[in-house]
Amino acid sequence: MAANSYMVPLGTPAPAFDLTAINGGNVSLADLKGSPATLVVFLSNHCPYVRHIEKGLGALAADYGARLSIVAICSNDSVNYPDDDPTHLAEQAARAGFTFPYLLDDTQEVAKAYRAACTPDFFLYDAHLQLVYRGEFDGARPGNSVPVTGESLRAAIDAVLDGEPVPAEQNPSLGCGIKWKPGNAPA
């Protein structure tokens, strides 16, 4: 079932995390400090909305390189959705050209802290780790004819990197709802 992002208030500080990467080791928010912009993306492998834009996200990461810190987080219940287990996420990362860490939020506490609602769900922070953008990658959706460009997210990233304000009018992301473990769904 499709869900929109919650549109967390701009200026919200990035919640801390320390999560295991799909290829081993841990990555924390502190590891990303010092970047002029940080992108935290909630993704999954099985969602058609994510699959529709995943190569575009891989291209975005390649285009911005070291000027932007990116981390992806999968918070889905991989027991009931085995396509979102670490092996399948690694296949997705290879298929999409992800060069950034892909992390596992097994407790789903990080998704709750960020108020992530769907996959994909994008959260862009400035150098002070204050939220400046939350919303769509672009207007492309499965079944529409809008090309996957990352236009909306790229405009926000460019503004941050150029020291310009990101427009406050932002369109929510649309995707598959986070697959919560029984009893974990936020109230």
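The values are calculated or read from the model by the stated rules, or taken from the named source; none is laboratory data. All of these numbers come straight from a predicted model, not from anything done at the bench. Here Cβ is always computed from backbone atoms with ideal geometry, including for glycine, and neighbour counts include all displayed protein chains. Protein only, heavy atoms only, side chains kept; ligands, DNA and RNA dropped before computing areas. Shrake-Rupley method; radii C 1.70, N 1.55, O 1.52, S 1.80 Å.
The slack in the chain from A62 to A90, taken as 0.36 nm per residue of separation less the alpha-carbon distance, amounts to 8.3 nm.
For K179, the aspartates and glutamates whose Cα comes closer than 20 Å to its Cα, not counting residues fewer than 8 places off in the same chain, are E54, D77, D83, D84, D85, E91, D105, D106, E109, D121, E136. Spin-label model, A127/N26: points 7 Å from Cα along the beta carbon direction are separated by 2.9 nm. The convex hull built on the alpha-carbon positions of segment 17-67 has an orientation-averaged projected area of 4.3 nm².
At 1.4 Å probe size, with the rest of the protein present, what percent of the exposed accessible area of the chain is carbon and sulfur atoms? The partial results should precede the final answer.
Numbers: 4380 of 8260 Å².
C and S atoms contribute 53 percent here.
Per-residue surface analysis assigns Y133 an accessible area of about 10 Å², computed on protein heavy atoms at 1.4 Å probe radius. Taking a virtual spin label 7 Å from the Cα of A2 along the C-beta vector, which residues in segment 42-56 bring their backbone nitrogen under 11 Å of it? What the label zone holds, given the 11 Å backbone N cut-off, is 49. Ligands, DNA and RNA are left out, and with a 1.4 angstrom probe the accessible area of segment 2-177 is 42 Å² per residue. Going by the alpha-carbon gyration tensor, a ≥ b ≥ c the square roots of its eigenvalues, is the chain rounded (a/c under 1.5) or, if a/c is not under 1.5, prolate (a/b greater than b/c) versus oblate? Rounded is the answer for the chain, as its axis ratio a/c remains below 1.5.
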